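Here is the structure we will look at.
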Amino acid sequence: MTPLILGIVAAGLYGIEKLDRKMEPDPKIKRALLSAGLACGGLIRWILGPEQAAERILLALVMGCLLLGCVTDVLTCQVYNFVWWLGGAAAAVLLWRRLWTAGGAGMWVLAELAAFWAIQLGVFSRLYGKADCYGFCVCAAAAAGLGMNLREMALHTAFAFCLLLPVQCINRNVTKTGKLKKPVPFLPYLTAGFGLILIFVKICGETVVPQL
């Protein structure tokens with residue numbers, strides 16, 4: 001899965017450079033990308049068995065888009081819409097595959113997902129950018145496709161903030177009221193939080209990834 005993940009990042013950066021602006025990540029970011037790609041590929045292999053080839057490919061597409069968004073967020077403080085189109089499409093197919101076998105429970109899955117999206121776009125969009133909300137929504141669709149529920153989607157949000165705050169406290173970028181003195185790219189923390197919720201679910205075993 002690692003070649004697919006890194007291929008998405010490389011193709012996306014190449015397209016952005018050709019169509020929009022010069023954007024060449026420095027060696028430090030490239031090393032971080034390689035490490036993240038290897039970690040995501042290993043995580044997907046651990047989460048999903050070899051018999052779930054389609055799910056592995058779809059989750060790798062989502063992860064690749066998240067990493068691509070992380071790079072552009074760090075370098076330009078923005079995430080291009082096509083990142084969410086591709087990642088959202090992969091997450092939607094992953095969700096559809098679960099709904100296909102869920103029967104009547106599928107309506108409850110959609111209701112929980114809709115509730116999370118409404119909270120993200122209606123409430124949390126005031127706390128951080130729209131791109132971060134879209135990232136959470138794509139991750140939530142993928143999570144629902146993997147058998148997670150509203151509680152675990154909310155935990156993903158909590159994990160992202162739990163990663164953000166200590167780092168920013170160490171960097172002395174947090175005021176006494178708990179706000180950031182200077183805005184920082186949030187998507188890397190969101191992506192790391194998604195990886196953590198996948199690990200949490202796998203270890204706790206409370207959610208069973210569907211065998212299709």
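Read-outs throughout are calculated quantities, based only on the coordinates presented, and are distinct from any laboratory measurement. All values reported here derive from a predicted model rather than from experimental measurement. Heads up, the Cβs are rebuilt from the backbone with ideal geometry, glycines too, and the neighbour counts pull from every protein chain shown.
Once phi is turned into ³J(HN,Hα) by the Karplus curve 6.51 cos²θ - 1.76 cosθ + 1.60 with θ = phi - 60°, what whole-Hz value does each residue of the range 151-163 show in order, with x for glycine and proline?
Going residue by residue, I get 4, 6, 5, 5, 5, 4, 4, 5, 4, 4, 6, 5, 7 Hz, with x marking Gly and Pro.
How far is it, in nm, from the label point at Ala39 to the one at Gln78 when both lie 7 Å from their Cα along the line to the Cβ?
Calculated label separation equals 2.8 nm.
Could you calculate the FRET efficiency of Arg172 with Ala114 from 1/(1 + (r/R0)^6), where r is the beta carbon distance between them and R0 is 35 Å, rounded to 0.05?
0.35
Going by average Cβ density within 10 Å per residue, which order do the peptides 57-66, 108-117 take, highest to lowest?
Ranked by mean Cβ neighbours within 10 Å, highest first: 57-66, 108-117.
Take Leu180 and Arg31, extend 7 Å from each Cα along the Cα→Cβ direction, and tell me the distance between the two endpoints in nm.
In this crude spin-label approximation the distance works out to 2.4 nm.
What Rg and what Dmax come out for the chain when only alpha-carbon atoms are used, in angstroms?
Taking only Cα atoms of the chain, I get Rg and Dmax of 16.9, 51 Å.
Between the range 166-205 and the range 1-71, what is the C-alpha centre distance in whole Å?
The range 166-205 and the range 1-71 have Cα centres separated by 20 Å.
When Lys and Arg each count +1 and Asp and Glu each count -1, what net charge do the other residues less than 13 Å away from Phe116, Cβ to Cβ, add up to?
Net local charge, Phe116 excluded: -1.
Eight or more residues apart or on different chains, and alpha-carbon atoms under 20 Å: count the Lys pairs in the range 2-204 matching that.
5
Using packing as a proxy for protection, rank 68-79, 134-145 so that the peptide with the highest average count of other Cβ atoms within 10 Å comes first.
For the peptides 68-79, 134-145, the packing ranking is 134-145, 68-79.
How much net charge surrounds Ala142 when only other residues with a Cβ under 15 Å from its Cβ are counted (Lys, Arg +1; Asp, Glu -1)?
So the environment of Ala142 carries a net charge of +1.
Could you work out the helix-only [θ] at 222 nm for the chain, with each DSSP H run of four or more residues adding -39,500 (n - 2.57) and the total divided by the number of residues, to the nearest 500 deg cm²/dmol?
For the chain, the value works out to -25500 deg cm²/dmol.
Considering amide H positions built from the backbone, and no H for Pro or chain starts, which residues 5 or more places from Val174, or on another chain, come under 5 Å of its amide H?
Result for Val174 returns Lys181.
With θ taken as phi - 60° and the coefficients 6.51, -1.76 and 1.60, list the Karplus ³J(HN,Hα) couplings across the range 122-132 in order, rounded to whole Hz; mark glycine and proline as x.
Result, ordered by residue: x, 10, 6, 5, 7, 9, 9, x, 4, 4, 5 Hz.
7 Å from Cα along Cα→Cβ at both Lys202 and Ala10: what's the point-to-point distance in nm?
2.4 nm
What order do you get for Leu163, Leu187 when you list them from fewest to most C-beta neighbours inside 10 Å?
With the sparsest Cβ surroundings first, the list reads Leu163, Leu187.
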